[in-house]
1. For ARG120, ARG316, ARG386, what's the largest-to-smallest order of accessible area, 1.4 Å probe?
2. For a quick check of understanding: with a 1.4 angstrom probe and all protein chains in place, what accessible area in square angstrom does HIS274 have, to the nearest ten?
3. With labels modelled as points extended 7 Å from the Cα through the Cβ direction, what inter-label distance (nm, one decimal) is found for LEU184 paired with ARG235?
4. Taking the Cα centre of the stretch 111-200 as origin, sum charge times position over the Cβ atoms of Lys and Arg (+1) and Asp and Glu (-1), and report the length of that vector in debye to the nearest 20.
5. Need one number: convex hull volume per residue for the stretch 143-259, Cα atoms only, in Å³.
6. How are the alpha carbon pair distances in the stretch 209-263 distributed across 10 Å bins from zero to the largest one, expressed in percent?
7. Which value, in Å² rounded to 10, gives the accessible area of TYR118 with a 1.4 Å probe and all protein chains present?
8. Considering only protein heavy atoms, with the full assembly of protein chains and a 1.4 angstrom probe, order VAL252, VAL378, VAL295 by accessible area, largest first.
Amino acid sequence: VVLVATGVVAASAVWARKREDLRCTPSPSTRECFLLAGLAPKQVRLSRLWSVLGRSTGINGPSTAFAAGAASSTSGHGGRPVLWPGSEGPDWWDARNSASPVVLPPNEFSREWRMWYYGRAGTTWARGAEAFLPTGRIGMAVSDDGVRWRRARGPLEGGAAFDPSLDEGAFDAVHVGVGDVVQLPNGTLWMYYFGGGTEEVMEGRPGLRMQVGMAASEDGGLSWQRLSDGEPVLRPGAAGEFDALFVAWPRVLPPWATEGVPGIPDGRWYMSYHTASFAGGMSWAAGAAFSDDGVHWTKAPGPVLGSSEGDMWDCRGVGVRCVRPAGGGREGLVMLYEAVDSAGDHAIGVADSLDGVSWVRRDLGSNAPGGPLLAKAVTESDWDSRVVGTPYAVPPQSPGQAWRLYYVGET
């Protein structure tokens, strides 16, 4: 059973961090610990909360301290499902699987929180291809507070908002997944997604050669039209390059988000993505690309963050990431990244950069640079006892608010 949920904590909580078992002790004066929205293939139980980013225990300020731990929700939702596949019936588009939330907070164009995520209803992708990832189709959910979510029915079969291409020869004819969504100043939404087609770079594995595409929405994110004539805007590298297998899970910062980053020229868009390699055992690495218009991209040379040395928690490399301006008086960018250790366990850590290309794992005062900030639960019955990953952070929207981290958990 795979369970997907998200978590955040108010900054008034007091946190203690330990490598093996991370605990949260809420302040007795406020008890402000909240678990945010859940999306799960079966069910989301809000019995475990991991806090990673907050006002006093977040990524801002000179006395920064990171903590992650276990806590019960005090908002009245502990132990109960929030949103789970199948609740709309077996014909809903994500009746079997839901994952990798991308979240936009309310703004001048929407009073609601909006979430896009990928999933599917069965065990196969389009054209009968065997699914080996939780991707497939893309849908939407909305919320009044970022905590209680309800699905928004899209125009496609089962309520989905975006599907693989109907063109059998398209790069995204087999499966798609959402990477990021950017709202333009005129209100138009641009979705950066990734998809795989029928090409088999490994025998029996159509869909593995993933590439990055773009789509636009004029109705708030319920329906989408492909851009660039349905062609990829970022393609895998040539044979022998680090990203020759695929490029996927794009995260994008527009110029109005990068204008304060000293190493990125004004007016430039920034994309973070990752790839994988089977040479010497499977490993992952992150790449970067830049653009003047958000459509035409030029890659930075080589991987920008890869495997750590030795037998560390991220020794097999960097997968899905979220990049944000550091804020709070800090220069540059902060990256929350999913990584894998030698045992195949996933965890989430943090790195810093002044230009989006040269990344340094954050010194957290431990023997393992970068983290982990968030590791799988130590109790098998917890919803995130097998895997945590696909981090997506939402910065504070007003003074006094905390960061929010949305992530995937599996049990």
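1. Details: ARG120 30, ARG316 65, ARG386 130 Å².
Result, largest first: ARG386, ARG316, ARG120.
2. Roughly 10 Å² of HIS274 is accessible to a 1.4 Å probe.
3. About 2.4 nm, to one decimal.
4. With Lys and Arg at +1 and Asp and Glu at -1, about 540 debye.
5. 155 Å³
6. 20, 34, 35, 11, 0
7. Solvent-accessible area, nearest 10 Å²: 10 Å².
8. So the residues, ranked largest to smallest area, are VAL378, VAL295, VAL252.
The values are calculated or read from the model by the stated rules, or taken from the named source; none is laboratory data. Everything numeric here is computed off the predicted structure, so don't read it as measured data. Ideal geometry is used to build each Cβ from the backbone, glycine not excepted, and the neighbour counts take in all protein chains shown. Side chains are part of the model used for accessible areas, which takes the heavy atoms of the whole protein and leaves out ligands, DNA and RNA. Shrake-Rupley method; radii C 1.70, N 1.55, O 1.52, S 1.80 Å.
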